[in-house]
Amino acid sequence: MQDTFIQAYPKLLQPTVAVAGLWLAHGDEPLLSQWFIDAMRPHWRAQNYAIKRIELISVKSWQEVLSELGSQSLFDDASALIVTGNHKPDKAVIAELERLAQDAQTGAHSHSLLWLTSKQDKRSQSSKWFAPFAQYGHVIDCNLYNEQQRQQLLQIQAQQFGLKLSKEAWQLLMSHTEHHLLSAYQTLWRLSYLFAPQLMANSDKTKENNISKPATNVALDIKDLQAALVSDAQFSVFDLSDAMLAGNSAQVVKIMFQLKTTDEPTTLVLWAISKDMRQIMQLMDGQDPQALGIWRSKQGLYQQACRRQSKAQTAEWPALLYRCDRAIKGLIRQPAWELLLQAALELSGQRLFTTR
């Protein structure tokens, strides 16, 4: 079964959802992938799943996935695997995945496999590896294709936060955040703690097992939003993005220092850097900026950033981003903010270290 994120996400927020079997969520918007995991996780926990992540570093990594799904636990009813990476399974693994999916449909087991990949085009969707997910599992397109879908998804999030914005308030929010999904979501999050703190407190207490939205929504009009959006003279990850793309390394350092001082989540900073790096690499490969979802007002900045880079330099970016991610998770000793600054400066055209 194939579905769009905007259609599948509300269903996952319902109290009872069957999560066994194969799930494939593909897209180039990390925030949607994370929301999908967040929506699945309460169901896994409620149904006593053992949740584990596996990174596909090669085709052989699929053997670890199959081994994990074949293992039994004395304490958990089934396994829920979050698989990341773009290495496609070989013929033998495809056959095993098909068998697992069919067994899940018949109730022979209740294991759940969620594979997060980059966006898959029509050609990829006709490949043999795609078939078990499309025929026996769930394929979710984690991409937003127009402004209506973006606002529809944000309205769902607003309901989860216990908020109900007027039409004029929505227009101001989208304009203030430049129609950027993460920025709008962060603003809704802040609004929830300003106007619905009790609802959010209750939501936090029951978040593990309660998937439904708050019973009461706080209505906000444009005056409420205007008062809440007064600038506090602090930088955001979007200011960082503009500075990196413009090649303003001095401003990048200034913004990074401010973000660190104000305890901006390192995961959000990494998201902003990795998103821009990924789009620059895609542009340098000849992809169309509009097809990548880059706003016309920012296409000039991205093209400017592309001219500062070479294929040899951008080839090193995935490894650097991986080190940033490991530092954030505490898997390596190097400070996360130090690596994030290095990555941000690399994108702006200022290399701290020269590799051979």
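The values are calculated or read from the model by the stated rules, or taken from the named source; none is laboratory data. All figures in this text were calculated on a predicted structure; none of them were measured in a lab. All Cβ positions, even for glycine, are placed from backbone atoms using ideal geometry, and neighbour counts span all protein chains on display.
A few comments on the model shown:
- Candidate set from segment 181-216 (those that are surrounded by fewer than 17 Cβ atoms within 10 Å (Cβ to Cβ) and assigned to a loop (DSSP other than H, G, I, E, B)); member that is modelled with the highest pLDDT: THR216
- Scanning segment 274-288 turns up at least one residue that is over 23 Å from LEU181 (Cβ atoms), touching a Cys at 6+ places or on another chain (Cβ under 9 Å) and hydrophobic (A, V, I, L, M, F, W, C).
- Test set (1) out of contact with any helix residue (DSSP H, G or I) (no Cβ under 6 Å at 6 or more places or on another chain); (2) under 30 Å from ALA158 (Cβ atoms) - SER67 fails condition number: (2)
- GLY286 satisfies every condition listed in (1) at pLDDT 85 or above; (2) crowded, with 16+ Cβ neighbours inside 10 Å; (3) out of contact with any Phe, Trp or Tyr (no Cβ under 6 Å at 6 or more places or on another chain); (4) of a type outside the set (S, T, N, Q) except (2).
- When residues of segment 1-45 are limited to those that are over 23 Å from VAL65 (Cβ atoms), at pLDDT below 90 and more than 19 Å from the chain's Cα centre (by Cα), the one surrounded by the fewest Cβ atoms within 10 Å (Cβ to Cβ): THR16
- Options GLN303, GLN334: the member that is surrounded by fewer than 18 Cβ atoms within 10 Å (Cβ to Cβ), closer than 28 Å to GLY27 by Cβ, without any contact (Cβ under 8 Å) to a residue 40 or more places away in the chain and polar (S, T, N, Q): GLN303
- SER61 being in contact with a strand residue (DSSP E or B) (Cβ under 7 Å, 6 or more places away or on another chain), in contact (Cβ under 8 Å) with a residue 60 or more places away in the chain and outside the structural domain of ALA291 (by TED's automatic domain parsing): no
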